[in-house]
1. Going through segment 1-52 one residue at a time, which ones are part of a helix (DSSP H, G or I) and buried (at least 20 other Cβ atoms within 10 Å of the Cβ)?
2. Tally time: how many residues in segment 10-28 are at pLDDT 95 or above, more than 19 Å from the chain's Cα centre (by Cα) and among the small types (Gly, Ala, Ser)?
3. Give me a count of the residues in segment 121-141 that are of a type outside the set (Asp, Glu), crowded, with 20+ Cβ neighbours inside 10 Å and in contact (Cβ under 8 Å) with a residue 40 or more places away in the chain.
Amino acid sequence: MLLHLADDQQAFPATTLALREPNGLLAFGGKLSVQRLLSAYQNGIFPWYGEHDPILWWSPDPRALFTAQSLHVSRSMRRFMATTPLRITLNHDFSAVIKSCADSHAADGCWLHSEMQHAYRELHDCGHAHSVEVWQQHQLVGGLYGVNVNGIFCAESMFQRHSNASKLALLQFAQHYFRAGGTWVDAQIDNPHLQSLGAITIPRPHYMQQLQRNQQQNHDVSSDFWQPRQLIII
């Protein structure tokens, strides 16, 4: 049975109640407030819904993610990184990145609509959502954004206007994140493209156990990590 969240309800139902088909659908309703979104991510849940649909909350099983050990940089990608003039920055232009992600995926259905963009901009303003930008000189040509929760970075969407730009953003951010103490980069739902970069899948209970362990131990990357800066290609 799909559960309805009241607008003022902050608590989420247990992820064990999520549907098997469609995979991970847990609840609908509520609002996209900063506190509601933080509560969702802290409980292994994220929103995903169409512009004219009610808010839908998901927790898929299994969960796709990257670890420091699974991340895969191919030989061709290493050659590209060794010679590319593209620059990578962190938290330089969150609004431009999320707007570019929305434009890039518009043909797939309007899920990253204005309400979602506004909600994640508020999360960014509060220091919880972050962006990675890829620049060709002064032009934004790729990037990604997501939400950090206790050493797990939940990557929400990425885009590119230059070959390999989104791969560059993900791979370089992930390597910096893991070196700073991050546990996982959460890709949420598996696909062949993510697999080619080293994504693995784990059962949802395993994901929830690690998430809760990190929260109990206050495990996270340093707040200094998120200061706007250029990421050196590793």
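1. Applying the first criterion (part of a helix (DSSP H, G or I)) to segment 1-52 yields 15-17, 34-42.
Once the filter is applied, which keeps residues that are part of a helix (DSSP H, G or I) and buried (at least 20 other Cβ atoms within 10 Å of the Cβ), segment 1-52 yields 15, 36, 37, 40, 41.
2. 3
3. So the answer is 8.
Residue by residue, here is whether (1) within 23 Å of residue 206 (Cα to Cα); (2) over 20 Å from the mean Cα position of the chain (by Cα) holds:
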{"residue": "34", "(1), (2)": "no, no"}
{"residue": "45", "(1), (2)": "yes, no"}
{"residue": "55", "(1), (2)": "no, no"}
{"residue": "59", "(1), (2)": "yes, no"}
{"residue": "62", "(1), (2)": "yes, no"}
{"residue": "80", "(1), (2)": "no, yes"}
{"residue": "84", "(1), (2)": "no, yes"}
{"residue": "88", "(1), (2)": "no, no"}
{"residue": "99", "(1), (2)": "no, no"}
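The values are calculated or read from the model by the stated rules, or taken from the named source; none is laboratory data. Just so we're clear, the structure is a prediction, and the values are computed from it rather than from any experiment. So basically every Cβ, Gly included, is an ideal-geometry build from the backbone, and we count neighbours across all protein chains shown.
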